[in-house]
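Here's the structure, in structure tokens; my notes come after.
The values are calculated or read from the model by the stated rules, or taken from the named source; none is laboratory data. If you're wondering where the values come from, they're calculated on a predicted model, not measured in any experiment. Cβ sites come from the backbone with ideal geometry, for glycine too, and all protein chains shown count toward neighbours. Note: areas computed on protein heavy atoms with side chains; ligands, DNA, RNA excluded. Shrake-Rupley method; radii C 1.70, N 1.55, O 1.52, S 1.80 Å.
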Amino acid sequence: MTFQFTPAASVCVDPQSVAANCHRGCASEDIYFALTGWHPGDAAADDDGEFDIHVFASLIAIAAAQGSAVYTQLGLSVGEFQAVIDHLFPGACDVFCGCDRDQAGEEDDEVTMVRELLLAHRSTEGEESRWLASMIARRAVEPNHLWEDLGLRNRGELSRLLMRHFAPLATQNTRNMRWKRFFYRKLCEADGMVLCTTPVCTDCTDFDLCFGEESGESRLARTRRGGAATPGS
């Protein structure tokens with residue numbers, strides 16, 4: 001499933017004047033709408049194809065609205081990012097690929113480790129799960145709840161994403177631990193390290209950090225209003 005990029009007149013992304021506008025200064029909700037023709041709250045995501053489009057559009061929108069190179073915010077190379085756009089949102093590369101080629105940086109070790117963990121537990125074939133492993137890993141070093149920094153609407157969408165594309169890993173989270181905490185616990189276990197000081201989670205003073213509620217307004221909705229993000233995990 002793909003979507004042709006056809007921004008409405010009210011959307012600030014303008015493929016005819018990419019050098020002047022690119023995607024910078026746009027609200028993430030507007031970028032999402034330009035990519036899909038949907039507002040995030042109304043997105044159709046009943047079948048797997050629709051859901052994947054929603055996930056990728058959410059990721060691109062939240063990263064693009066941060067103002068720096070989109071592909072670096074998503075943990076992708078320029079070529080990988082262009083492949084994502086060409087595959088899923090034909091016509092959008094003139095906007096999102098053309099103005100960001102001047103920025104690059106070294107990858108964080110934590111990003112590399114989380115990406116490799118996800119890649120080792122893929123449950124779908126094709127490039128989508130490879131791209132998602134990189135994108136999720138990069139967004140996991142952001143300060144908010146992971147579902148928020150992926151641009152998703154709630155934690156349930158993140159759980160669905162991981163169960164769909166990384167089921168062998170996701171099914172191991174039997175106690176519904178927060179996903180970032182769960183990733184780091186699995187990485188520590190793989191290295192033979194003990195992450196927790198108590199053998200039983202319910203006896204741990206950090207219980208709420210690992211298992212606390214992850215609710216709230218999505219970042220796509222919040223940036224629309226110009227509100228500030230709340231740190232999470």
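Highest first, please rank the peptides 106-115, 85-94 by the mean number of other Cβ atoms sitting within 10 Å of their residues.
Ranking, from highest mean packing down: 85-94, 106-115.
Would you report the distance distribution of C-alpha pairs in the stretch 70-194 as whole percents per 5 angstrom bin, up to the bin with the largest distance?
All Cα pairs considered, the percentages come to 2, 10, 19, 23, 21, 13, 7, 3, 1, 0.
Please work out how much accessible surface Arg175 shows to a 1.4 Å probe, ignoring ligands, DNA and RNA, in Å² rounded to 10.
Solvent-accessible area, nearest 10 Å²: 130 Å².
Spin-label point model (7 Å from Cα, Cβ direction): what's the Asp42 to Glu106 distance in nm?
Inter-label distance under the simple model: 4.7 nm.
What is the gain in length, in nm to one decimal, between Val141 and Ala190 on full extension, counting 0.36 nm per residue of separation less the C-alpha to C-alpha distance? Don't skip to the answer; put the middle values down first.
Numbers: separation 49, 0.36 × 49 = 17.64 nm, distance 1.96 nm.
So the extension gain works out to 15.7 nm.
By how many nm would the segment from Glu125 to Thr171 grow when fully extended, if each residue of separation counts as 0.36 nm and the alpha-carbon distance is taken off?
14.8 nm
Once the Cα gyration tensor of the stretch 119-164 is diagonalised, what are the square roots of 5 times its eigenvalues, in whole Å and ordered largest first, as equivalent ellipsoid semi-axes?
Those come to 19, 13, 8 Å.
Any idea how far the Cα center of the stretch 40-61 sits from the one of the stretch 128-163, in Å?
12 Å
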